[in-house]
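A.B. asks: Provided herewith is a single structure, encoded as structure tokens, for subsequent inquiry.
The values are calculated or read from the model by the stated rules, or taken from the named source; none is laboratory data. This is a predicted model, so every value here is computed, not measured. Note that each Cβ is placed from the backbone with ideal geometry, even for glycine, and that neighbours are counted across all protein chains shown. Only protein heavy atoms, including side chains, enter the accessible area calculation; ligands, DNA and RNA are left aside. Shrake-Rupley method; radii C 1.70, N 1.55, O 1.52, S 1.80 Å.
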Amino acid sequence: MSLLSLSFTLGFVLIAMVLSLWLKLGLERDMVIATVRSAIQLIVVGYILKAVFTLNNPVFIVLMIVLMIGVATQNASKRGKSLYGVVWWRVLLALCVSEVVTQGLLLAMGVVPFTPRYVIPISGMIVGNSMIASSLLLNRLQSETAAHRAQVLATLALGGTPRQSILPYVKQAIRASLIPTIDSTKTTGLVQLPGMMTGLIIAGANPIEAVRYQLLILFVLMAGCAIASITLGFSVYPTLFNRNQQLMLQ
Amino acid sequence: METQISPADTEAIRFEHVCKEFIQGSQKAPVSVLKDVSGVVQKGSVVTLVGPSGAGKSTLLSLCNLLLTPDEGRIFLAGTEVRVWPVQELRRHAALVFQSPVVFPGTVLENLEFGLKLQGKRLDNPEHWLQQVGLPTDILEQQAEDLSGGQKQRVALVRVLVTEPRILLLDEVTSALDVSAAREVEEWLLTWQRQTQNTVLWVTHHLEQARRVGDWTWLFVAGRVVEQAPTDVLFTHPQMELTQRFLRGELSGGGIS
């Protein structure tokens, strides 16, 4: 695709902005920011990827993954701002465990080789999806706890531990955070063709080959999200309590 | 000559200059809820806490089992400061029953067993306990959510009492019940107290109830203890002018009218 034809696609942004103006949705500013950011980010990443692919040095692969996890941690931790304790390192832990276990297994079983072409995009998807599951978990844990504040307090008052008082709501939050992943896996191919597969097909790959990679991704993402959400759920609930085992949710 | 009996042997709870503030409202301004509260609750006694709503009575209960931490002052249970107690042990020693009844998802039986299960124990005779509080025994397998407010409160009470606390902290526990049920539960709690010789700290807005059940009564107004006296004395010969005004019904809300 030429740069000229790519620039025509800005017309789609214009359509969205006109609609927003017409209905007074007030989204124009955000749309401009989103367009500019996505363009700059992806173009920069494109060149970085090209450089990393050419160098083919494991150090750069690891650096890319570290960068992804760093940005994802910063982003997901925002959802835990109102929690009493420190959240960011728990999110970091969850994302690292998710990435290391899933990517590690793929490499150990020889499903994909340790080359930038495979490891970087797959890691990106694992970390990105784990980040979304983590954000959902943090959101849901706070709303579940607020909704069941009386039960949490009653359990503590009966001499229950913080863990005993919060466990049902941690599980509920984990369940809720995994529903989007499971549901989109269920309907994949029926409702929409997943992005990676679409990209491969447009780029000229055999659809059957594209489907195989897509299945690999779907299964890895299911595991990755579950690992991230469960790790985060069980490591983050202590941030709801102070050292006197009192519920500290605002 | 000092007596040989240490206070810890006779005192269930000792408050020493307890203060508590809450951060409230959009201005984040601290509001003083309890101011310099001191007093002793003797083992085996029933102390009723009365006063206008917002006077800090419920807060005092939550401080006893460390669901809240005092900002200043100290609270001793059986001679040990609350922050020195192992938290779970403290909360089993001094059990709190909330004003609005809380039930957990599941059956009535599961609710009755809830506190014991936290300790890895089981409830042997749930029917007996239900009869004690005037509930039919055939509700054991019903969903607790489906009970009426008054039934939920009785289930919540049994759930606490089966864990055998030594101190019972009651926060207007009969206010969700109709008059006859309230009286029935009140009688049952008193019988339990007489049999076990345990200590009860009982917040009530119902002055007749405070008078019926209390050995001692403390009057709170605007976060301060105005008067502490044997219940009969407080109701018949109040010493403080504020107490006299309260008993005449001249005080309402959190402050002094």
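A.B. asks: Considering only DSSP beta bridges where both residues belong to the protein assembly as shown, give the percentage that are antiparallel (nearest 5).
C.D. replies: Expressed as a percentage, antiparallel bridges in the protein assembly as shown total about 60.
A.B. asks: Of the DSSP beta bridges with both residues in chain B, give the percent that are antiparallel, rounding to the nearest 5.
C.D. replies: Numbers: 24 of 41 bridges.
Around 60 percent of the beta bridges assigned by DSSP in chain B are antiparallel ones.
A.B. asks: Ranked highest first by average number of other Cβ atoms within 10 Å, how do B:139-150, A:195-206, A:73-84, A:150-161 line up? Working shown, then result.
C.D. replies: Values: B:139-150: 15.0, A:195-206: 13.2, A:73-84: 17.4, A:150-161: 21.9.
Most protected by this proxy first, the peptides run A:150-161, A:73-84, B:139-150, A:195-206.
A.B. asks: Grab the eigenvalues of the alpha-carbon gyration tensor for the range A:58-240, scale each by 5, take roots, and send me the semi-axes largest first in whole angstrom.
C.D. replies: Details: eigenvalues 236, 65, 31 Å².
The answer is 34, 18, 13 Å, longest axis first.
A.B. asks: Taking θ = phi - 60°, what integer Hz values does the Karplus form 6.51 cos²θ - 1.76 cosθ + 1.60 yield along the range A:43-49, in sequence order, with x for Gly and Pro?
C.D. replies: These are the phi-based 3J(HN,Hα) values: 5, 4, 4, x, 5, 4, 4 Hz.
A.B. asks: Return the calculated 222 nm mean residue ellipticity for the protein assembly as shown, to the nearest 500 deg cm²/dmol, obtained by summing -39500 (n - 2.57) across DSSP H runs with n ≥ 4 and dividing by the residue count.
C.D. replies: Estimated from H runs of four or more residues: -18000 deg cm²/dmol.
A.B. asks: Oh, and also: In square angstrom, rounded to the nearest 10, how much accessible surface does B:Trp218 have for a 1.4 Å probe?
C.D. replies: B:Trp218 exposes around 0 Å² with every protein chain in place.
A.B. asks: Next question, about the same structure. Please list the non-local residues whose amide H lies under 5 Å from the amide H of B:Val31, H modeled 1.01 Å from N, same-chain partners needing a gap of 5 or more.
C.D. replies: Amide H to amide H, under 5 Å and 5 or more residues apart or across chains, B:Val31 pairs with B:Phe22, B:Ile23, B:Gln24.
A.B. asks: Follow-up question, since we're still on this one. Convert each backbone phi in the range A:91-101 into a coupling constant with the Karplus relation 6.51 cos²θ - 1.76 cosθ + 1.60 (shift: θ = phi - 60°), then list the ³J(HN,Hα) values in order as whole Hz, x for Gly and Pro.
C.D. replies: Values, residue by residue: 5, 4, 4, 4, 5, 5, 4, 4, 5, 5, 5 Hz.
A.B. asks: With θ set to phi - 60° and the Karplus curve 6.51 cos²θ - 1.76 cosθ + 1.60, what are the ³J(HN,Hα) couplings of the range B:135-144 in order, to the nearest whole Hz, using x for Gly and Pro?
C.D. replies: Karplus values, whole Hz, x for Gly and Pro: 10, x, 6, 7, 8, 3, 8, 6, 6, 4.
A.B. asks: How about B:Lys117: which lysines have a C-alpha closer than 22 Å to its C-alpha, ignoring those fewer than 8 places off in the same chain?
C.D. replies: List returned: A:Lys171, B:Lys152.
A.B. asks: While we're looking at this one, here's another question. Taking R0 as 35 Å, what FRET efficiency do you get between A:Tyr47 and A:Arg243 from their Cβ-Cβ distance, rounded to the nearest 0.05?
C.D. replies: The value I calculate is 0.10.
A.B. asks: Using a 10 Å cut-off around each Cβ of peptide B:155-164, what is the average number of partner chain Cβ atoms that fall inside? Show your work: numbers first, answer last.
C.D. replies: Values: counts 0, 1, 0, 0, 2, 3, 0, 0, 2, 0.
What the average comes to for B:155-164 is 1.
A.B. asks: Largest first, how would B:Lys152, A:Lys50 line up by accessible area (1.4 Å probe)?
C.D. replies: Result of the area sort, largest leading: A:Lys50, B:Lys152.
A.B. asks: Largest first, what is the accessible-area ranking of B:Asp71, B:Asp138 with a 1.4 Å probe? Write down the numbers at each step before the final one.
C.D. replies: Numbers: B:Asp71 85, B:Asp138 120 Å².
The ordering from most to least exposed comes out as B:Asp138, B:Asp71.
A.B. asks: Just to confirm the number: angle between the C-alpha axis of helix A:207-236 and the first principal axis of chain A, 0 to 90 degrees, nearest 10?
C.D. replies: 30 degrees
A.B. asks: If you don't mind, another one. Find the centroid of the Cα atoms in the range B:185-213 and in the range A:1-30, then give the distance between the two in whole Å.
C.D. replies: A separation of 71 Å, based on Cα centres.
A.B. asks: For a quick check: with amide H placed at 1.01 Å from N, whose amide H comes under 5 Å from B:Gln42's, ignoring anything fewer than 5 positions away on the same chain?
C.D. replies: For B:Gln42, the qualifying residues are B:Ala12.
A.B. asks: Partner chain Cβ atoms within 10 Å, averaged over the residues of A:163-173 - can you pull that number for me? Spell out each step's value before the answer.
C.D. replies: On the way: counts 0, 5, 1, 0, 0, 2, 0, 0, 0, 0, 0.
Across A:163-173, the average partner-chain Cβ count within 10 Å equals 1.
A.B. asks: Nothing charged except the Cβ atoms of Lys and Arg (+1) and of Asp and Glu (-1): what's the magnitude of the dipole of chain A about its Cα centre? Round to the nearest 20 debye. Working shown, then result.
C.D. replies: Working: 17 positive and 6 negative charges, 110 e Å.
Around 520 debye, computed over chain A.
A.B. asks: Rounding to the nearest 10 and keeping the result within 0 to 90°, find how far the Cα-based axis of helix A:116-147 lies from the longest principal axis of chain A.
C.D. replies: Value to nearest ten degrees: 30.
A.B. asks: Now for a separate question. Tally Lys/Arg at +1 and Asp/Glu at -1 over every other residue whose Cβ is under 10 Å from the Cβ of B:Val41; what's the total? Write down the numbers at each step before the final one.
C.D. replies: Values: positive: B:Arg14, B:Lys43; negative: B:Glu11, B:Asp215.
Taking every other residue near B:Val41 into account, the sum is 0.
A.B. asks: Still on this structure: Using the alpha-carbon centroid of each, what span in Å lies between the range A:176-250 and the range B:7-49?
C.D. replies: Each part's Cα centre sits 50 Å from the other's.
A.B. asks: Can you give the net charge of the other residues whose Cβ lies under 15 Å from the Cβ of A:Leu21, counting K and R as +1 and D and E as -1? Don't jump to the answer; show the numbers that get you there.
C.D. replies: On the way: positive: A:Lys24, A:Arg29; negative: A:Glu28, A:Asp30.
That sum, taken over residues with Cβ under 15 Å, equals 0.
A.B. asks: In the protein assembly as shown, if the dipole is taken from +1 on Lys/Arg beta carbons and -1 on Asp/Glu beta carbons about the Cα centre, which of A:Asn57, B:Gln153, B:Ser38 is farthest to the positive end?
C.D. replies: A:Asn57
A.B. asks: Can you tally the net charge around A:Val112? Count Lys and Arg as +1, Asp and Glu as -1, for every other residue whose Cβ sits under 15 Å from the Cβ of A:Val112. Kindly include the intermediate steps, with their values, before the conclusion.
C.D. replies: On the way: positive: A:Arg117, A:Arg212; negative: A:Glu99, A:Glu209.
For residues surrounding A:Val112, the net value is 0.
A.B. asks: Measure out, as a whole number of angstrom, how far apart the alpha-carbon centroids of the range A:46-85 and the range B:110-168 sit.
C.D. replies: When both Cα centres are located, 52 Å separates them.
A.B. asks: What residues from the range A:110-147 fall in the zone where the backbone N is under 20 Å from a label point 7 Å along the Cα-to-C-beta line of A:Val59?
C.D. replies: Residues A:114-117, A:119-120 fall inside that zone.
A.B. asks: Now a separate question. What residues have an amide H closer than 5 Å to that of B:Thr107, excluding those fewer than 5 places away on the same chain, when H is modeled at 1.01 Å from N in the peptide plane?
C.D. replies: The answer is B:Ala144.
A.B. asks: Peptide A:147-156: average number of partner chain Cβ atoms within 10 Å per residue? Show your work: numbers first, answer last.
C.D. replies: Working: counts 0, 3, 1, 6, 5, 1, 5, 12, 6, 8.
Average per residue, whole number: 5.
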